[in-house]
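As structure tokens, the structure follows; a few thoughts come after it.
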Amino acid sequence: MQELADNIKKWGLSLGFQQVGITDTDLSQYEEKFTQWLGQKFHGEMNYMEKHGTKRTRPDELIPGTLRIISVRMDYLPPDTEIFTVLNNPQKAYISRYALGRDYHKLLRKRLEQLAEKINDVGIAHGYRTFCDSAPIMEKPIAEKSGLGWIGKHTNLINSKAGSWFFLGEIYTSLPLPIDEPHQRSHCGSCEACITICPTQAIVGPYQLDARRCISYLTIELRGSIPLEFRPLLGNRIYGCDDCQLVCPWNKFAKFTAEKDFYPRNNLHTPELLDLFAWTEAEFLHNTEGSAIRRIGHDCWLRNIAVALGNAPYNIRIVNALQNRLRDSSPMVKEHIEWALSQQMQHATNV
Ligand code: SF4
Ligand code: SF4
């Protein structure tokens, strides 16, 4: 089993993962914290978080027969995406850097399947299931317990040699593989940079995220109206937010991805808000084909861009674009456009 575990790690690297770790199914040390998080309603409308009971925290209840979990990470940050130029230009739209290219779910699941199949290929049959953000899985605790890094105060996983710009994936397996040393302690120390920088104060305490305040939740998970108090704070972030990772000192060790599938498509790394706002639904579906962005749908896309346009300095082209969209928009989008128009009027009087 030790030789097999060593081989799994080698095969994982040759399949493009940056690191592979193995752990058992005992996540009891994380269960109470997760239950408390749910109890505080920090998950907002993400009902799927509470839907599966203890199947999330007890892997062998989700997939009976699971003995070990193989946890992997894959870097995703493409080079030259002009992060700060875009964030500092209110006419441009900022999209979280993990979502610029092809949908990562498919790529990671495919590689995980290949890794799991390699074990069968060497004549060791095992029951397995692969996951990437696709089932009730405690992926960050599993990664921490597998030795891939620690969960930082912003609640993302951090690796001391590679920062935090990576995806996680898992293979649940019936093989009794030897396990790796867990990551024992946080290296955040006295740093609180992520807590301070967060535009919406979503990190309500060290290691505690109120997802209902997080821009990733507000722009991606939330289907209805964005609460008024958060709209001005979104700035030009129209799909997710990276601020807590951008400020994290450990990301000076991050490596750019070599996966071409994660490179920006359709100029999504530096688009103009007005260009994106002009997309018809057909254009939205065409331009986001194969991308994770597509799942929020055209209405939420327009909702988010309308808020960003409301936050941009007064510009007659913005006012015209907002007014032109009013007629054919859903009530939810219309309400955000009206808010954006009132913001533009306020900016005009302040000029
Ligand atoms: S992603 Fe943005 S909004 Fe969410 S916690 Fe990090 S900095 Fe705050
Ligand atoms: S910014 Fe500082 S506190 Fe936040 S996760 Fe990084 S090291 Fe930890």
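FYI, it's all coordinate maths here, none of it is from the lab. Since the structure is predicted, the reported quantities are computational estimates derived from the model, not experimental observations. Note: ideal-geometry Cβ built from the backbone for every residue, glycine included; neighbour counts use all protein chains shown.
D for segment 109-262, whole µm²/s, Stokes-Einstein with Kirkwood Rh over alpha-carbon pairs at 37 °C and 0.692 mPa s: what number?
So the translational diffusion coefficient is about 186 µm²/s.
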Checklist entry - Any idea what the relative contact order of segment 197-351 is, in percent, if you count C-alpha pairs under 8 Å spaced at least 6 apart? => result 23 percent
Item to check | Descending semi-axes in Å of segment 49-118, equivalent ellipsoid built from Cα gyration tensor | outcome: 35, 18, 9
Item to check | Summed side-chain charge close to residue 2 - residues other than residue 2 whose Cβ falls under 15 Å, Lys, Arg +1, Asp, Glu -1 | outcome: -1
Next on the checklist: Relative to 2.2 N^0.38 Å, what does the C-alpha radius of gyration of segment 204-282 come to as a ratio? Two decimals please.
Outcome noted: 1.33
Checklist outcome for this item: Taking 92-99, 13-20 and ranking on average Cβ neighbours within 10 Å, highest first, one gets 92-99, 13-20
Checklist outcome for this item: For the residue 255, residue 201 Cβ pair and Förster radius 22 Å, calculated FRET efficiency rounded to 0.05 is 0.10
Next on the checklist: Using amide H atoms built in the peptide plane, which far-off residues or other-chain residues are under 5 Å from residue 22 H to H?
Outcome noted: 71, 180
Next on the checklist: So, R0 is 25 Å and r is the distance between the beta-carbons of residue 54 and residue 1; what FRET efficiency does that work out to, to 0.05?
Outcome noted: 0.35
Checklist outcome for this item: Over 20 Å (Cα to Cα) among 9/118; 110/260; 10/110; 92/255; 33/153 -> 92/255
Next on the checklist: Once you keep just the Cα pairs under 8 angstrom separated by 6 or more residues, what percentage relative contact order results for the chain?
Outcome noted: 22 percent
Next on the checklist: Only four residue types carry charge here, +1 at the Cβ of Lys and Arg and -1 at the Cβ of Asp and Glu. Report the dipole size of the chain about the Cα centre in Debye, rounded to the nearest 20.
Outcome noted: 280 debye
Checklist entry - Whole-Å semi-axes of segment 239-299's equivalent ellipsoid, largest first, each the root of 5 times a Cα gyration tensor eigenvalue? => result 27, 14, 11
Checklist entry - Mean projection of the alpha-carbon convex hull of the chain over all orientations, in nm²? => result 17.9 nm²
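On full extension of the chain, what length is gained from residue 109 through residue 121, given 0.36 nm per residue of separation minus the C-alpha to C-alpha distance?
Computed gain between residue 109 and residue 121 is 2.5 nm.
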Checklist entry - Each label point is 7 Å from the Cα along the Cα-to-Cβ direction; what then is the distance between the points at residue 342 and residue 134, in nm? => result 4.4 nm
Next on the checklist: How compact is segment 290-349 by the rule of thumb for globular proteins, expressed as Cα Rg over 2.2 N^0.38 Å?
Outcome noted: 1.14
Checklist entry - If one puts a single equal scatterer on every Cα of segment 17-164 and applies the Debye formula without solvent, what log₁₀ I(q)/I(0) results at q = 0.11, 0.12, 0.14, 0.19 Å⁻¹? => result -0.53, -0.63, -0.83, -1.35
Checklist outcome for this item: With no solvent term and unit scatterers on the alpha-carbon positions of segment 260-332, Debye gives log₁₀ I(q)/I(0) at q = 0.27 Å⁻¹ of -1.43
Next on the checklist: Using only alpha-carbon positions, what ratio does the radius of gyration of segment 229-351 give when scaled by 2.2 N^0.38 Å?
Outcome noted: 1.18
Next on the checklist: Tell me the angle of helix 28-39 to the major Cα principal axis of the chain, expressed in degrees between 0 and 90 and rounded to the nearest ten.
Outcome noted: 20 degrees
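For residue 266 and residue 335, FRET efficiency with R0 = 25 Å and r from the beta-carbon atoms, rounded to 0.05?
Details: r = 28 Å, r/R0 = 1.12.
Once rounded, the FRET efficiency stands at 0.35.
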Next on the checklist: Per DSSP helix of 4 or more residues, -39500 (n - 2.57); summed, then divided by the residues of the chain. What does that give at 222 nm, rounded to the nearest 500?
Outcome noted: -10500 deg cm²/dmol
Checklist entry - Taking only C-alpha pairs under 8 Å that are 6+ residues apart, what is the relative contact order of segment 76-182 in percent? => result 28 percent
